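Below: the structure, in structure tokens.
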Amino acid sequence: MIIIADGGSTKTNWCLLTQDGKKVYFNTEGYNPYFSTIAYIVNSLHESLPTDLEIDKITEVNYYGAGCSTEEKRNQVKEAMSAVFKNAAVYVGHDLLAAARALLGTTAGFAAILGTGTNTCLYDGKDIINNIDSGAYILGDEGSGCYIGKKLLADYLRGYMPEAVRQNFWDTYHLTPDDVNEEVYTKPLANRFCAGFSKFVYDNNVHIEYSRNLVKTSFEDFFRNLVTHYPDYKKYTFNCIGSVGYNFRNVLEEVATENGMVVGNIIRSPIDNLVKFHMEANANRV
């Protein structure tokens, strides 16, 4: 049996391909090796994997994860996966490669991730050939859920929120400015904490203009600082994966068009297309 997994910084989507061709989907938390140790990943998987999953019968694991851009980080995740799936050959790749394969298959083009974090690349139909570093959540990640959440929290701390939004924020979270600062600066996984507030922006109906402007300026920063720096970027269609890009796709499509790109595929999760990619690849090997 084969497993394909797409791991973000917040959540991992898994698909088990059984010997009779059935697909079994399940989720665990995300395992970014910049924030999760080998021991943490192993313990979390033991606690989170379905209890009826026949781990000993799994022969291949294809895991694509956020933060798996270097050999060191890929090996860290591979060691954890191998400790859990002891009879499986384990492949660990970057979530950006998963996005490109899910969005473009074997066709060359531009691919992006807009989820908890941000990433972008040019893809030649097989591998990533150009990638501008997103800067991660402290230095960059423009357009991501974390970036949108940081802008919202900054407005809250500075008193820039419209009063109706500020009241709605307080009624929803009951967070004081001191609480926010403590969560961001003294507790782990600040990126997840900030990204969680993108849902508030999405759900906020008391001042739609404020929310829309927050999202649009975030996407404008994403294009200005990342997308438009790729050579001849306008010759590619704009393809994007991730919950933030998908949920705010109307605004994203508008900003892409304003920057001279034709919109291609914008999808929430790569897992279905990624499973299809691996099934076709396995069929071609037979």
Quiz item: Relative to the present Cα-Cα distance, how much length would full extension add between Thr217 and Thr106 at 0.36 nm per residue of separation?
Solution: 36.7 nm
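Given a Förster distance of 35 angstrom, what is the FRET efficiency for Thr257 paired with Ala164, based on the Cβ-Cβ distance and rounded to 0.05?
Numbers: r = 31 Å, r/R0 = 0.87.
E(calc), rounded to 0.05, equals 0.70.
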Practice problem: Using the heavy atoms of the protein chains and a 1.4 angstrom probe, tell me the accessible area per residue for segment 159-286 in square angstrom. | Solution: 54 Å²
Quiz prompt | Under-5 Å amide H pairs with Thr12, H placed in peptide plane, nonlocal only | solution = Thr28, Glu29, Gly30
Self-check item: Cα-derived Rg over Rh, computed across segment 146-286 with Rh taken as Kirkwood radius
Solution: 1.07
Quiz item: Gain in length, Thr172 to Arg224, computed as 0.36 nm per residue apart minus the alpha-carbon separation, to one decimal in nm?
Solution: 15.4 nm
Quiz item: Pulled fully out, how much extra length does the chain show between Ser48 and Asp232, if you take 0.36 nm times their separation in residues and subtract their Cα-Cα distance?
Solution: 61.8 nm
Quiz item: About its Cα centre, how strong a charge dipole does the chain have in debye, to the nearest 20, once Lys and Arg get +1 and Asp and Glu get -1 at the Cβ?
Solution: 480 debye
Exercise. Could you point to the residue in Cys194, Val206, Met161 farthest towards the positive end of segment 158-206's charge dipole, with +1 and -1 charges on the Cβ of Lys/Arg and Asp/Glu respectively?
Key: Cys194
Quiz item: Among Thr28, Gly65, Thr116, whose Cα sits farthest toward the positive end of the charge dipole of the chain (+1 at Cβ of Lys/Arg, -1 at Cβ of Asp/Glu, about the Cα centre)?
Solution: Gly65
Quiz item: Once both axes come from the Cα atoms, what is the angle between helix 163-173 and the longest principal axis of the chain, in degrees from 0 to 90, rounded to 10?
Solution: 40 degrees
Exercise. Check the straight Cα-Cα distances from Lys234 and name the lysines below 30 Å, setting aside those fewer than 8 residues away within the same chain.
Key: Lys126, Lys150, Lys151, Lys216, Lys276
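What's the magnitude of the charge dipole for segment 56-140 around its Cα centre, counting Lys and Arg as +1 and Asp and Glu as -1 at the beta-carbon? Answer in Debye, nearest 20. Mind showing how you got there, number by number?
Numbers: 7 positive and 9 negative charges, 36 e Å.
Charge dipole of segment 56-140: 180 debye, to the nearest 20.
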Quiz item: Which peptide among 221-232, 176-187, 4-15 comes first, and what is the full order, when sorted by highest mean count of other Cβ atoms within 10 Å?
Solution: 4-15, 221-232, 176-187
Exercise. Could you please state how large a percent of the accessible area of the chain is carbon and sulfur, counting protein chains only and using a 1.4 Å probe?
Key: 48 percent
Self-check item: Approximate spin-label separation Arg268-Lys57, in nm, with each point projected 7 Å along Cα-to-Cβ
Solution: 3.0 nm
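The values are calculated or read from the model by the stated rules, or taken from the named source; none is laboratory data. What you see is a predicted model, and the numbers here were worked out from it, not measured in a lab. Glycine also receives a Cβ, built like all others from the backbone with ideal geometry; neighbour counts cover every protein chain displayed. Calculation scope for accessible area: heavy atoms of the full protein, side chains included, ligands and nucleic acids excluded. Shrake-Rupley method; radii C 1.70, N 1.55, O 1.52, S 1.80 Å.
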